[in-house]
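Read through the structure below, which is laid out as structure tokens, and then see the notes.
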Amino acid sequence: MNPTSHATYKIIRYILLIQEFNQTEIHHKTKTSTGQINKVVNWLLTRRFIEKGNKKYHVIDPGGIIAIFPLFRNMNDHLVCKIPIRGSMDKIIDILPKGSILCLDSAVDTYSSYFRTNRICIYHKKPELIKGKFKPYSGGLLDLHVYLPDMDLKEDIVNGITSKLRTIIDMTCDGKTYIVKDLFEDLWGIKFE
């Protein structure tokens with residue numbers, strides 16, 4: 001089962017955020033087929049990522065579910081360009097064109113009181129627009145990483161930034177799960193030692 005496919009991701013996303021669910025709820029909230037929902041729920045159940053209670057299923061291993069994503073997705077495959085640019089991070093973020101969505105390190109930077117990044121990461125559907133806009137700023141020490149969105153982002157954007165869940169998934173697919181340990185605690189109460 002590929003968790004990055006459109007319908008499967010909608011189902012998994014709902015399950016991870018709600019944590020206690022039944023299949024009818026998923027169908028009403030995600031508008032996905034009952035057959036696909038049943039397939040995903042059974043797959044998660046047989047791998048012991050969820051368990052069935054009296055009336056609802058419960059997520060028991062959200063970290064295990066997140067760990068499936070890098071098997072099907074690598075952020076480097078979606079990196080369109082790296083642009084070394086001059087200027088402050090705040091200034092560059094302020095002039096990002098419409099449709100830019102802060103992701104990866106840049107998203108973690110906004111959610112964390114402790115983490116600070118030395119790169120700006122964005123999703124944008126038109127990377128050529130970004131290349132053109134930032135050509136005059138090229139040659140600096142700050143890297144702008146532009147990613148083409150591969151999974152549906154519609155429900156994963158909060159004020160121009162990827163949601164906490166999507167940030168966890170993206171960072172895990174970038175091999176940096178350890179950076180989002182605070183987000184695991186925020187969403188699921190999981191503490192890394």
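The values are calculated or read from the model by the stated rules, or taken from the named source; none is laboratory data. These numbers come from a predicted model, not from an experiment. Note that we place each Cβ from the backbone using ideal geometry, even for glycine, and neighbour counts take in every protein chain shown.
Residues in region 84-142 that are of a type in the set (A, V, I, L, M) and part of a helix (DSSP H, G or I) were compared, and the one that is nearest to residue 163 (Cα to Cα) is 107. The residues of region 159-179 that are over 16 Å from residue 71 (Cβ atoms), among the hydrophobic types (A, V, I, L, M, F, W, C) and at pLDDT 95 or above, listed by number, are 161, 165.
Restricted to region 91-115, and to residues that are charged (D, E, K, R) and over 14 Å from residue 176 (Cα atoms), which residue is surrounded by the most Cβ atoms within 10 Å (Cβ to Cβ)?
Taking the candidates together, the pick is 91.
When 153, 165 are screened for being closer than 30 Å to residue 30 by Cα and part of a helix (DSSP H, G or I), only 165 passes. As a summary of the residue check, residue 88 satisfies the conditions (1) of a type in the set (Gly, Ala, Ser); (2) under 30 Å from residue 12 (Cα atoms); (3) modelled with pLDDT under 90 except for the one numbered (2).
Condition (residue is of a type outside the set (A, V, I, L, M), within 26 Å of residue 149 (Cβ to Cβ), surrounded by fewer than 18 Cβ atoms within 10 Å (Cβ to Cβ) and not assigned by TED's automatic domain parsing to the domain that holds residue 152) applied to region 48-58: is it met by at least one residue? Looking through region 48-58, none of the residues is of a type outside the set (A, V, I, L, M), within 26 Å of residue 149 (Cβ to Cβ), surrounded by fewer than 18 Cβ atoms within 10 Å (Cβ to Cβ) and not assigned by TED's automatic domain parsing to the domain that holds residue 152. Look at region 101-120: where a residue is touching a residue at least 24 places away in the same chain (Cβ under 8 Å) and a partner is exposed (fewer than 15 other Cβ atoms within 10 Å of the Cβ) and assigned to a loop (DSSP other than H, G, I, E, B), sitting 6+ places away or on another chain with Cβ atoms under 6 Å, you get 108/115. Considering region 1-72, the qualifying helices (runs of 4 or more DSSP H), each wholly inside and each with 1 or more residues that are under 20 Å from residue 180 (Cα atoms) and in contact with a strand residue (DSSP E or B) (Cβ under 9 Å, 6 or more places away or on another chain), run over 6-18, 62-66. Among the criteria (1) within 17 Å of the chain's Cα centre (by Cα); (2) under 21 Å from residue 12 (Cα atoms), the one residue 105 does not fulfil is (2).
Considering only residues of region 177-193 that are touching a residue at least 12 places away in the same chain (Cβ under 8 Å) and outside any helix (DSSP H, G or I), which is surrounded by the most Cβ atoms within 10 Å (Cβ to Cβ)? Ranking the candidates gives 190 first. Of all residues in region 56-81, exactly one satisfies the criterion of being over 14 Å from the mean Cα position of the chain (by Cα), among the hydrophobic types (A, V, I, L, M, F, W, C) and under 16 Å from residue 11 (Cβ atoms), namely 59.
Identify all residues within region 168-180 that are in contact with a Phe, Trp or Tyr (Cβ under 8 Å, 6 or more places away or on another chain), under 19 Å from residue 156 (Cα atoms) and of a type outside the set (A, V, I, L, M, F, W, C); write none if there are none. 172 - this is the single residue of region 168-180 that is in contact with a Phe, Trp or Tyr (Cβ under 8 Å, 6 or more places away or on another chain), under 19 Å from residue 156 (Cα atoms) and of a type outside the set (A, V, I, L, M, F, W, C). Each residue in region 152-173 was checked for being over 9 Å from the mean Cα position of the chain (by Cα) and in contact (Cβ under 8 Å) with a residue 12 or more places away in the chain, and 5 pass.
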